[in-house]
Amino acid sequence: EKKLKENGLGRLYLLWGEEDYLKQQYIDTIMKMAFPNGDREFNFHLIDSGKELDIDAIASAVDAMPFMSDHSVVMVRDADLNSVKEEEYERLNSVLSDLPDYCTLIFTQQPDYTPDKRLKTIRSITKYGEEIQFYASGHDKLVKWITKHFKAHDKTISGKTAEYLIFNCGDLMNRLLPEIEKVAAYSSQEEITTQDIDAVTTRIPEASVFLITDYIAERKNNEAAAVLSDLLS
């Protein structure tokens, strides 16, 4: 985001990676820069045609002049760029190589998508624009982020308890954010505890497996069975 604000709005982006939260933050920044006066209603074009790449729709949206605005944004969501055929590539490359100054074209992908950088389609995007991967934040940064979000709810959390939340719920912000909100709403005390986390959060499968293993080692078979039942459901 900082680099985007420093360099200004570009014409072409491929946004992908497992961290949807940061991806959406980046898109929000693009939208604010493109439409500082909030004039996006007639100038934002969303193309959501499943895995198929609708090049005609992309070309038409890109060519549409902005209405009462200096800019337009075209967002193509979840198209399978790794499966573009040769004849489609030529048409798409023609669009990518000649994007008008007023338009920003965004390809945004699901967390499980990885662009094949050997393909001509992906190489064209990186040639004329930017390919940005959004991945899970480093551990220390994530603990600070969790602390900040609990503070917004007038709650405090220790570093150790924040690490416990990460262990139970994973290290992706888009998964952690609703869990933080649940815990903050549940806790009656200012400081968040591990008991608060256990009470309302949804464990990731990996954390459940560790817990089952611990219960079995402690011969707590009923507790292990309960966790296993939750995991299977």
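Which shape class, rounded, prolate or oblate, goes with the stretch 61-155 when its Cα gyration tensor gives a ≥ b ≥ c as root eigenvalues, a/c under 1.5 marks rounded, and past that a/b bigger than b/c marks prolate? Because a/c hits 1.5 or more and a/b fails to exceed b/c, the stretch 61-155 counts as oblate.
Among the listed pairs LYS127/LYS148; LYS3/LYS127; LYS120/LYS144; LYS117/LYS148; LYS5/LYS151, those with a Cα-Cα distance over 30 Å are LYS127/LYS148; LYS120/LYS144; LYS117/LYS148. Taking the C-alpha atoms only, the angle from helix 20-34 to the longest principal axis of the chain is near 40 degrees.
Which of rounded, prolate, oblate describes the stretch 1-109, given a ≥ b ≥ c as roots of the alpha-carbon gyration tensor eigenvalues and a/c under 1.5 marking rounded, otherwise prolate only if a/b is larger than b/c? Oblate, since a/c reaches 1.5 and b/c is not below a/b.
Ignoring ligands, DNA and RNA, what percent of the accessible area of the chain is carbon or sulfur (1.4 Å)? Before the final figure, lay out each step's value.
On the way: 6500 of 13410 Å².
Its accessible area is 48 percent carbon and sulfur atoms.
Amide hydrogen proximity for LEU172: with H placed 1.01 Å from N in the peptide plane, no residue at 5 or more positions away or on another chain lies under 5 Å.
Over the chain, calculate the relative contact order: mean separation of alpha carbon pairs under 8 Å at least 6 apart, over the residue count, as a percent. Present the calculation step by step, with values, prior to reporting the outcome.
Values: 311 pairs, mean separation 49.8, N = 233.
Result for the chain is 21 percent.
Distances between placed amide hydrogens fall under 5 Å for LEU105 paired with LEU12, TYR13, VAL74, all partners being 5 or more residues away or on another chain.
Just need the Rg to Rh number for the chain, please, alpha carbons only, Kirkwood Rh.
Numbers: Rg = 22.2 Å, Rh = 20.5 Å.
Taking Rh as the inverse mean 1/r over Cα pairs, Rg/Rh reads 1.09.
3J(HN,Hα) along the stretch 82-92: 7, 10, 6, 6, 4, 5, 6, 4, 4, 5, 5 Hz, from the Karplus curve 6.51 cos²θ - 1.76 cosθ + 1.60 with θ = phi - 60°, whole Hz, x for Gly and Pro.
Taking the Cα centroid of the stretch 1-68 and of the stretch 121-135, what is the distance between the two, rounded to the nearest whole Å? Each part reduced to its Cα centre gives a spacing of 14 Å. Net charge of the neighbourhood of TYR186, taken over other residues with C-beta under 12 Å away and scored Lys/Arg +1, Asp/Glu -1, is -2.
Can you give me the accessible area per residue for the chain, using a 1.4 Å probe, in Å²? With the other protein chains kept in place, the chain gives 58 Å² per residue. Helix 221-232 against the longest principal axis of the chain: what's the angle in degrees, Cα atoms only, rounded to the nearest 10? With rounding to tens, the tilt is 10 degrees.
If you take all other residues with their beta carbon under 15 Å from the beta carbon of ASN82, and give Lys and Arg +1 and Asp and Glu -1, the sum is -2.
The values are calculated or read from the model by the stated rules, or taken from the named source; none is laboratory data. Everything numeric here is computed off the predicted structure, so don't read it as measured data. Here the Cβ is made from the backbone with ideal geometry for all residues, glycine too, and neighbour counts use every protein chain on show. Side chains included, ligands, DNA and RNA excluded: accessible areas come from the protein's heavy atoms. Shrake-Rupley method; radii C 1.70, N 1.55, O 1.52, S 1.80 Å.
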